1. Quick check, is E164 touching a His at 6+ places or on another chain (Cβ under 9 Å) and buried (at least 20 other Cβ atoms within 10 Å of the Cβ)?
2. Out of region 75-91, which residues are without any contact (Cβ under 8 Å) to a residue 40 or more places away in the chain and surrounded by 15 or more Cβ atoms within 10 Å (Cβ to Cβ)?
3. Being over 21 Å from R174 (Cβ atoms) and surrounded by fewer than 13 Cβ atoms within 10 Å (Cβ to Cβ) narrows it down to one of E130, E94, so name that one.
4. I'd like to know if region 237-246 contains one or more residues that are over 30 Å from the mean Cα position of the chain (by Cα) and among the β-branched types (V, I, T).
5. State the number of residues belonging to region 17-50 that are assigned to a strand (DSSP E or B), within 9 Å of ligand 1 (Cβ to nearest atom) and more than 17 Å from the chain's Cα centre (by Cα).
6. Report yes if some residue within region 64-74 is away from ligand 2 (no atom under 16 Å from the Cβ), in contact (Cβ under 8 Å) with a residue 40 or more places away in the chain and surrounded by fewer than 16 Cβ atoms within 10 Å (Cβ to Cβ); otherwise report no.
7. Considering (1) polar (S, T, N, Q); (2) touching a residue at least 60 places away in the same chain (Cβ under 8 Å); (3) under 16 Å from K187 (Cα atoms), say which one T117 fails and leave the rest.
8. Give me a count of the residues in region 14-50 that are out of contact with any Lys or Arg (no Cβ under 9 Å at 6 or more places or on another chain), over 20 Å from L301 (Cα atoms) and within 16 Å of ligand 2 (Cβ to nearest atom).
Amino acid sequence: MTNNQTIIKVIDLVKKYDKLTALDHFSLTVKQGEVLGLLGPNGSGKSTSINCILSLLTYDQGEIQLFGEKMAPDKTELKRRIGVVPQDVAVFEELTVYENIDYFCGLYISNKDRRKTCVAEAIRIVQLEEFLNFYPKKLSGGLKRRLNIACGIAHEPELIFFDEPTVAVDPQSRNNILESIQELNRKGATIVYTSHYMEEIEQICSEIIIMDKGSILASGTKEDLKRMIQTSEKLQIELPLCPSDLLTTIKNWTGVLHADYDGTTLRLDTLKEEKVLLKLLHHLESKDLLFGDFYSLQPTLNDVFLEITGKQLRD
Ligand code: ADP
Ligand code: MG
């Protein structure tokens, strides 16, 4: 549930590392209850923006407010309301799973009973019950990530930052992580989530910012973003044989933005109003060309990224 309270306000943030401008007049607003996704390729400035917002990095220009207050390194009361799950796992190797979570929770919650309840709840959310006495080096990459999350959320923060929490984890842990984030959001937390995996962003984020080279390229809900681009329908049709002039003919039809054939499947990006699929089926029939299954697909965030930047997000 969102209401109108502004939780994060970033205005015109500029961050330079020597000559490299990592954030170039970056602004955003996050409202209570949102799951904001920062989507961008490696090096686009996602971690830098989070670390500036948290006052872990200094910046050259701009203004940052959290819960309506100016953020600064010494704002302990603000930090208590915030959870951070950093990109690189940061836990103590000499403490067990339980001791790690208890330690991080203890930084903000001194009451023993309350702390016990909070630690147990964090363990439940990331499903680490079977590993409480393990040391981190005994955990798989995915379980370590889940421990990293438990350490960041155990003090029940109202605002939580997740910086690429699913990189290089197994599918089971990945699902657990995404579900944990959605559960935390349902329980009331506002979330900032960074990733270069557009499927994840599409799955869990209510608001999305697409960024590259320190600048915001586009923002909105996934529906807003898809409306911004020309492609509105993607067609796929199984075609065992594709005469060379067929592709040329199709490419010249109005409403066809792109067409290619890979030896088995014909793929078209089209404008929806143009009813290209119907035309294509009639055309194939009139030429006595055999075809198999056909699909109409909605564009993905990758199509949005591709159309805005001219390159694939995975590059
Ligand atoms: P992302 O999190 O989206 O992968 P980063 O915020 O880590 O991107 O990096 C943004 C840009 O700043 C990149 O070009 C990166 O190489 C550069 N950068 C990040 N940290 C430093 C640093 N400590 N010193 C110099 N350059 C850095
Ligand atoms: Mg990063």
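1. On the way: touching a His at 6+ places or on another chain (Cβ under 9 Å): yes; buried (at least 20 other Cβ atoms within 10 Å of the Cβ): yes.
Judged against the criteria, E164 is a match.
2. Filtering region 75-91 for residues without any contact (Cβ under 8 Å) to a residue 40 or more places away in the chain gives 75-79, 88.
Answer for region 75-91, where residues must be without any contact (Cβ under 8 Å) to a residue 40 or more places away in the chain and surrounded by 15 or more Cβ atoms within 10 Å (Cβ to Cβ): K75, L78, K79.
3. Details: E130 fails: over 21 Å from R174 (Cβ atoms).
Within the list E130, E94, the selection yields E94.
4. Keep residues of region 237-246 that are over 30 Å from the mean Cα position of the chain (by Cα), which gives 237-246.
Subsequent filtering for residues that are among the β-branched types (V, I, T) retains 237.
Within region 237-246 (the criterion being over 30 Å from the mean Cα position of the chain (by Cα) and among the β-branched types (V, I, T)), the answer is yes, since at least one residue qualifies.
5. Just the residues of region 17-50 that are assigned to a strand (DSSP E or B), to begin with: 17, 20-31, 35-39.
Remaining after also requiring within 9 Å of ligand 1 (Cβ to nearest atom): 17, 20-23, 38.
Now drop any that are not more than 17 Å from the chain's Cα centre (by Cα), which leaves 17, 20-23.
Residues meeting the conditions: 5.
6. Of region 64-74, the ones away from ligand 2 (no atom under 16 Å from the Cβ) are 64-74.
Checking the rest, the ones that are also in contact (Cβ under 8 Å) with a residue 40 or more places away in the chain come to 64-68.
If we keep only those that are surrounded by fewer than 16 Cβ atoms within 10 Å (Cβ to Cβ) as well, we get 68.
Yes, the conditions are met somewhere in region 64-74.
7. Evaluating T117 over (1) polar (S, T, N, Q); (2) touching a residue at least 60 places away in the same chain (Cβ under 8 Å); (3) under 16 Å from K187 (Cα atoms) leaves (2) as the failure.
8. 5
The values are calculated or read from the model by the stated rules, or taken from the named source; none is laboratory data. On a predicted model such as this, the values are computed, not experimentally measured, just so you know. So basically every Cβ, Gly included, is an ideal-geometry build from the backbone, and we count neighbours across all protein chains shown.
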